[in-house]
Protein chains: 2
Amino acid sequence: MNGADALITTLADNGVTACFANPGTSEMQFVAALDREPRMRSVLCLFEGVATGAADGYGRMTGTPACTLLHLGPGYANGAANLHNARRAFTPVVNIIGDHAVGHRQYDAPLNSDIAALAAPNSLWIKSADSADAVGPLAAEAVAASLGAPGGGACLILPADSAWNATAVAGPVVGRPRFGVPDPVAVAAAAKAVKAAAKPVLLLGSGACGEAAIAAAGRIAAAGVRVLTDTFTARQARGEGRFRPDKLPYFGEQALKDLEGVDLMVLVATTEPVAFFAYPDRPSVLVPDGCATLTLSDRSTDAAAALEALAELLGAPATGAVESYAPPPAPAGKLDAWVMGAAIARHMPAGAIVSDDAVTAGLPIFTQTRNARAHDWLSLTGGAIGQGIPLAIGAAVACPDRKVLSLNGDGAAMYTVQGLWTIARERLDVTVVVFANHAYRILGIEMGRTGGGEPGPAASRLLDLGDPRIDWVSVASGLGVAAERVETAEAFDEAMARAMREPGPRLIEAAMR
Amino acid sequence: MNGADALITTLADNGVTACFANPGTSEMQFVAALDREPRMRSVLCLFEGVATGAADGYGRMTGTPACTLLHLGPGYANGAANLHNARRAFTPVVNIIGDHAVGHRQYDAPLNSDIAALAAPNSLWIKSADSADAVGPLAAEAVAASLGAPGGGACLILPADSAWNATAVAGPVVGRPRFGVPDPVAVAAAAKAVKAAAKPVLLLGSGACGEAAIAAAGRIAAAGVRVLTDTFTARQARGEGRFRPDKLPYFGEQALKDLEGVDLMVLVATTEPVAFFAYPDRPSVLVPDGCATLTLSDRSTDAAAALEALAELLGAPATGAVESYAPPPAPAGKLDAWVMGAAIARHMPAGAIVSDDAVTAGLPIFTQTRNARAHDWLSLTGGAIGQGIPLAIGAAVACPDRKVLSLNGDGAAMYTVQGLWTIARERLDVTVVVFANHAYRILGIEMGRTGGGEPGPAASRLLDLGDPRIDWVSVASGLGVAAERVETAEAFDEAMARAMREPGPRLIEAAMR
């Protein structure tokens, strides 16, 4: 056994059995060792941002980390944006970052860089295994660190010689993290404050949007407390049979209008809401004047248990109201995000997973699918576009029996377009929708809000994707994914019906203007 | 005038007139200000790695920085790999990284991250302009820092409010850097050592490969001293009328064999050569036993002047031997990198610029073009693949009257494939060649060298790009670039002849097996 074997064995022993990889020379021993550990499924990604986003999707769906395999500092950096998103989603991810052999580092060869410095902003834990004997134990530490609770990114730097040298040391199996039990004092305080408040709301973060927590929140809603979620959550159980909370609006002034008169905000697995961006003369904190905030439970606490406990103290009914399957009628006419949302709601099968990087098209589709069949919705938690395709890859690898729907603005889809190839290679059951409005539409809206005024010709050119128009059918076909373009609501509805019925990779370009 | 105006005016006053951009909400004021400063040309890139690689190409060709416009930490991270390459090329680049408004940072909104930490490994200089009045002066500082000498990356973090607030302060025009005059003592010592050595060599780094330095090195070669360059140089003047140094081989054992018996290595704008990667039981430092090393001039010194001074002390002839235009005969038969190199050498016009991200195809083409018309060759200095298309964009923007040839392995081209769109949009005179061998071929070679043995099925799958095969004609067409596939030497020669004759964007997929 060499260090690479010790690593993969330790990972597999700890349940880490998916590796999203783009290896280089310094990772060849890891690659070779994959043939000696059948438990590990390796998935080649043609760009590291695909690999890290896939690991995020996998981790969101399983609660167990996937590993990535990245090539030194530049390989890590290429994956950092989606690790930023994963950090904001509290997803467990173990990054294996190959490095020069320990003795070679001092020579500052061309690919040398300060990996730990690059990785620090998005990592809970970073260590370098500077001997073969250190690899297994540190791999176990990395898994434990990534699991949290809450979860996050752990980076194990693997010098080439630590991988190729012999060792007899594998790492231990680490315990699963336990989210803390709710603090009875905090629960009692929340119950008392809610009862005393004129207009209380409950705000759920990512950790409070799983099936059990959402159900408990539904009980509290049934007791008369309005429930909202953060604007972007890592994974939310929605649709038929689930309680439907409201969503805090993206734009700060809409959020504050929505929260007008609220005198108590109870936070569950989240912190005080803030505006996504700052704007001239607008507040950053989205808590109305005169509204108290109070934390029921933090991110390291079992949110479902905390919500159940609160429901009990509030005397809530045993179950709250849940959505039924009530899809919108078949859409007709002009293609826009609302009619596309209707089509998706009509055809999305039970158990579907939605990876949302749809930017301006996202909210209409989210709204339209409230009465769709039961599904999980994965949001862009960190604001770094280019997550939609990679996250879908990871979700599909994690859940091969579930349909995965990847929703992407055209600008966002271009960021990690290489992921289409991996979807094709792995024959993943992913339907990629690209909303081709030929613009960074959101920026056209934000330009005015930030005081930039009407864009002139130079500015307009930086917001426009229409010259040349991207032919998504051609791009996807070239990467091995069957694709079609639709231009009407009817055609989109038909294409979605087929895509949801038939398994396998496909792409739908929704030509929006 | 607001901070964004102060920034763009200061940049333009300092000769920074190209901006490779992918903006977001926090950069909208910068975008709006572009319409008030006609000197700045902005070029939209659909991924930040394209923007930073383009800035590298621009800087290599002009010696003046371009700026990039990047969206907070994730936007910077997406561009970091090509900034790693730029760092290794000593290219001046000014990165403008938008950030949250100063007062908004404390709330850790979703896109917040430690930008300075992310940027540190690849930056000479990083500052945040935390008021509108600070923007102009810091922009001037950033330009000065990027220029060096030698050059490098400077990062100006631009909080949104520093851009939108009013200011009356623009930054000064900074002086151009002066590379130092050669140290006469070092030159005399080098001359003495060369005369005393039995088998001396001169090793040129990136800063010693410009037209004047290469000519001076040619004089020294004519005096009987073998001249080599580093394996990867930022920009090398080559072809007709230029002296042709040898290139240090990539693989360490080949380099040491090549240097066998050498007893003196004189370093010019470089340091002791080291292996690109470490391998079991092989040396890291590529200096033969018993070989002394001596630095004629470091990277901050005028290399051409140092070489001229050395040539004088060695009594070298006034001019060295130069290459004449002597292209290989028309190639025929099977398509491989050697015959493609022949075709390129035959048709590449004088003044062409070659952006080399061709990996295993690179050396044969480099070799074949030694007698091509005069051209500049830009190498992958930092080993982070995905540079070939972006660098070509920057070179083409910098030099609109010169033909640009972008050579790419298929694996490398996928990294920043989004750049094809920018080539189309800007109607750049770039011919992109993709060497479609459907594999990370170099890794197949490196697997054995690192002791990984014969790849089994799992390992093979991580080195293979052939399932599915990427249809580059389809991908390029979808992104607006006219493309063709060629499968024989004759067809490649014809396609290259057309591409070199006719201006405008095009892609040639060279189907290599």
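Tabulated data
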{"quantity": "Matching residues, region A:131-162, being farther than 22 Å from A:Met1 by Cα and in a helix (DSSP H, G or I)", "calculated": "A:Ala144, A:Ala145, A:Ser146, A:Leu147"}
{"quantity": "Strands (runs of 3 or more DSSP E) wholly inside region A:163-244 that include at least 1 residues being within 13 Å of A:Ala311 (Cα to Cα), assigned by TED's automatic domain parsing to the domain that holds A:Val31 and modelled with pLDDT of 95 or more", "calculated": "none"}
{"quantity": "Test: residue in region B:477-493 that is among the aliphatic types (A, V, I, L, M), in contact with a Ser or Thr (Cβ under 9 Å, 6 or more places away or on another chain) and at pLDDT 95 or above", "calculated": "yes"}
{"quantity": "Hits in region B:33-55 (condition: touching a strand residue (DSSP E or B) at 6+ places or on another chain (Cβ under 9 Å) and open to solvent by less than 10 Å² (accessible area, probe 1.4 Å))", "calculated": "B:Ala33, B:Leu34, B:Val43, B:Leu44, B:Cys45, B:Glu48, B:Val50, B:Ala51, B:Thr52, B:Gly53, B:Ala54, B:Ala55"}
{"quantity": "Sole exception among (1) in a strand (DSSP E or B); (2) under 19 Å from the mean Cα position of the chain (by Cα); (3) of a type outside the set (A, V, I, L, M, F, W, C) for B:Glu484, by number", "calculated": "(2)"}
{"quantity": "Looking only at region B:248-292, and only at residues there that are in a helix (DSSP H, G or I) and either acidic (Asp, Glu) or in contact with a Ser or Thr (Cβ under 7 Å, 6 or more places away or on another chain) (or both), the one that is surrounded by the fewest Cβ atoms within 10 Å (Cβ to Cβ)", "calculated": "B:Glu253"}
{"quantity": "Residue satisfying condition, being within 26 Å of the chain's Cα centre (by Cα) and touching a residue at least 40 places away in the same chain (Cβ under 8 Å), within set B:Arg226, B:Arg219, B:Arg238", "calculated": "B:Arg238"}
{"quantity": "Qualifying positions in region B:338-395 - closer than 16 Å to B:Val430 by Cα and free of Cβ contacts under 8 Å to residues at least 60 places away in the same chain", "calculated": "B:Gly351, B:Val354, B:Asp356, B:Asp357, B:Gly388"}
{"quantity": "Filter pass, A:Asp336 being surrounded by fewer than 21 Cβ atoms within 10 Å (Cβ to Cβ) and either touching a helix residue (DSSP H, G or I) at 6+ places or on another chain (Cβ under 7 Å) or not polar (S, T, N, Q) (or both)", "calculated": "yes"}
{"quantity": "Test: residue in region B:311-332 that is in contact with a Pro (Cβ under 8 Å, 6 or more places away or on another chain) and not in a strand (DSSP E or B)", "calculated": "no"}
{"quantity": "Exclusive hit being within 14 Å of chain B (Cβ to nearest Cβ) and either among the polar types (S, T, N, Q) or in contact (Cβ under 8 Å) with a residue 24 or more places away in the chain (or both), set A:Leu259, A:Leu286, A:Leu296, A:Leu264", "calculated": "A:Leu286"}
{"quantity": "Region A:112-130, subset out of contact with any Lys or Arg (no Cβ under 9 Å at 6 or more places or on another chain) and outside any helix (DSSP H, G or I), residue nearest to the other protein chains (Cβ to nearest Cβ)", "calculated": "A:Asp114"}
{"quantity": "Spans of helices (runs of 4 or more DSSP H) in region A:363-469 with at least 3 residues within 14 Å of chain B (Cβ to nearest Cβ) and either at pLDDT below 95 or open to solvent by 10 Å² or more (accessible area, probe 1.4 Å) (or both)", "calculated": "A:441-449, A:457-463"}
{"quantity": "All positions within region B:56-73 that are closer than 15 Å to B:Ala234 by Cα and either open to solvent by 10 Å² or more (accessible area, probe 1.4 Å) or of a type in the set (Asp, Glu) (or both)", "calculated": "B:Asp56, B:Tyr58, B:Arg60, B:Met61, B:Thr62, B:Gly63, B:Thr64"}
{"quantity": "Considering residues of region A:122-171 that are β-branched (Val, Ile, Thr) and more than 26 Å from the chain's Cα centre (by Cα) only, the residue nearest to A:Leu11 (Cα to Cα)", "calculated": "A:Val135"}
{"quantity": "Positions within region A:1-13 being touching a residue at least 40 places away in the same chain (Cβ under 8 Å) and surrounded by 24 or more Cβ atoms within 10 Å (Cβ to Cβ), in sequence order", "calculated": "A:Gly3, A:Ala4, A:Ala6, A:Leu7, A:Thr10, A:Leu11"}
{"quantity": "Subset of region A:192-216 (residues that are free of Cβ contacts under 8 Å to residues at least 60 places away in the same chain and within 22 Å of the chain's Cα centre (by Cα))", "calculated": "A:Cys209, A:Glu211, A:Ile214"}
{"quantity": "Subset of region A:470-499 [at the interface with chain B (Cβ under 9 Å from one of its Cβ atoms) and of a type in the set (Val, Ile, Thr)]", "calculated": "A:Ile470, A:Val473, A:Val475, A:Val481"}
{"quantity": "Subset of region B:109-130 (residues that are in contact with a Gly (Cβ under 9 Å, 6 or more places away or on another chain), touching a residue at least 40 places away in the same chain (Cβ under 8 Å) and open to solvent by 40 Å² or more (accessible area, probe 1.4 Å))", "calculated": "B:Asp114"}
{"quantity": "Residues of region A:267-283 classified as more than 9 Å from every other protein chain (Cβ to nearest Cβ) and either over 24 Å from the mean Cα position of the chain (by Cα) or more than 21 Å from A:Arg87 (Cβ to Cβ) (or both), total", "calculated": "3"}
{"quantity": "Residue check, B:Ala342 open to solvent by less than 20 Å² (accessible area, probe 1.4 Å), under 24 Å from the mean Cα position of the chain (by Cα) and under 30 Å from B:Asp263 (Cα atoms)", "calculated": "no"}
{"quantity": "Residue check, B:Ala142 touching a strand residue (DSSP E or B) at 6+ places or on another chain (Cβ under 6 Å), open to solvent by less than 30 Å² (accessible area, probe 1.4 Å) and either more than 9 Å from chain A (Cβ to nearest Cβ) or more than 28 Å from A:Tyr76 (Cα to Cα) (or both)", "calculated": "yes"}
{"quantity": "Search result, residues across region B:370-415 that are in contact with a Pro (Cβ under 6 Å, 6 or more places away or on another chain) and within 16 Å of A:Gly24 (Cβ to Cβ)", "calculated": "B:Gly382, B:Gly383, B:Ala384"}
{"quantity": "Residue check for B:Arg346: touching a Pro at 6+ places or on another chain (Cβ under 8 Å) and in a helix (DSSP H, G or I)", "calculated": "yes"}
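The values are calculated or read from the model by the stated rules, or taken from the named source; none is laboratory data. In this text, all values refer to a predicted model and were calculated from it rather than measured experimentally. With ideal geometry, Cβ positions are generated from the backbone for all residues, glycine too; neighbour counts draw on all protein chains shown. SASA here: full protein model, heavy atoms, side chains in, ligands and nucleic acids out. Shrake-Rupley method; radii C 1.70, N 1.55, O 1.52, S 1.80 Å.
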